[in-house]
Amino acid sequence: MNQLEKEIVNDLYNQLAKRDTKSSELLDILDVLLKVNQKLDTEKNPERLINRLIQYIRITASTGKISFSSEEEKLTIQLSVIGQKAGLNGSYMADFSDKSQFYKFGEQVPTHNR
């Protein structure tokens, strides 16, 4: 299933990257999409990772007042369906607005001026 997940993540990344104007929130979402794409190959529980990704995207998009095209929304819904398989434990005590949750300890987290 990781291949399907990677395909959807790649498609969403490509759709969002086409935008002419990129806010810091959109750049953060793009960074996280790339990071998740890299991690999907080795992730033991990809549904949990996708669940955190979709929560992060929703919160960051809301904060940055980012609206999605119908195609982008369709892709986020597909990811949401995959993420739902993580169950309730996928979201327990998580800070979904924290971009660093997608990076390893000590790994540089890209930042964009707000």
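What follows is calculated from the coordinates using simple rules that are stated; it is not laboratory data. Quantities reported herein were computed from a predicted structural model and do not represent experimental measurements. Quick reminder, even Gly has a Cβ in these numbers, built from the backbone with ideal geometry, and neighbours come from all protein chains shown.
Protection proxy ranking, highest mean first, for peptides 25-33, 69-77, 2-10, 50-58: 50-58, 25-33, 2-10, 69-77, where packing is the per-residue count of other beta-carbon atoms within 10 Å, averaged. Each of residue 73 and residue 18 was given a label point 7 Å from its Cα along the Cα-to-Cβ line. The distance between the two points is 1.7 nm. Between residue 39 and residue 11, the contour length at 0.36 nm per residue exceeds the alpha carbon distance by 8.5 nm.
Every Cα-Cα pair of region 3-87 was included, and the share exceeding 15 Å stands at 53 percent.
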